[in-house]
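S.K.: This is the structure, below, for whatever I ask next.
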Amino acid sequence: MTNSLRFCYPCGEQITDPDDAVYLGHEMSDSGPGWDLYAHRAHVEQSGPDPVATRIVARLLIVQALRR
């Protein structure tokens, strides 16, 4: 098993304790598969919601409203 380096998305510091890493989501890349986003437990609130998930939920809500 390989142990990859994880960096906190909000603060940019390396996460040295694997138990302190919180998975935030996946960021797509134009030239490859993208990367996973992590944060320290203390910085989770600073990262904000996932913009892709927010767009998907907004589109679903708009479609539901237009069907009524």
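The values are calculated or read from the model by the stated rules, or taken from the named source; none is laboratory data. Note that this is a predicted model, so its numbers are computed, not measured. Don't worry about glycine lacking a Cβ; one is built from the backbone with ideal geometry, like all the others, and counts go over all protein chains shown.
S.K.: Looking at residue 4, is it surrounded by 13 or more Cβ atoms within 10 Å (Cβ to Cβ), of a type in the set (S, T, N, Q) and modelled with pLDDT under 90?
M.R.: On the way: surrounded by 13 or more Cβ atoms within 10 Å (Cβ to Cβ): no; of a type in the set (S, T, N, Q): yes; modelled with pLDDT under 90: yes.
It is false that residue 4 is surrounded by 13 or more Cβ atoms within 10 Å (Cβ to Cβ), of a type in the set (S, T, N, Q) and modelled with pLDDT under 90.
S.K.: Keeping to segment 10-64, report how many residues are among the acidic types (Asp, Glu) and in contact with a helix residue (DSSP H, G or I) (Cβ under 6 Å, 6 or more places away or on another chain).
M.R.: Filtering segment 10-64 down to residues among the acidic types (Asp, Glu) leaves 13, 17, 19-20, 27, 30, 36, 45, 50.
Checking the rest, the ones that are also in contact with a helix residue (DSSP H, G or I) (Cβ under 6 Å, 6 or more places away or on another chain) come to 20.
Going through segment 10-64 one residue at a time, the tally reaches 1.
S.K.: For residues that are in contact with a strand residue (DSSP E or B) (Cβ under 7 Å, 6 or more places away or on another chain) and over 21 Å from residue 48 (Cα atoms), tally how many sit in segment 14-35.
M.R.: 0
S.K.: Inspect segment 52-66 for any residue being in a loop (DSSP other than H, G, I, E, B) and not aliphatic (A, V, I, L, M) and give the result as yes or no.
M.R.: Just the residues of segment 52-66 that are in a loop (DSSP other than H, G, I, E, B), to begin with: none.
Checked segment 52-66: no residue is in a loop (DSSP other than H, G, I, E, B) and not aliphatic (A, V, I, L, M).
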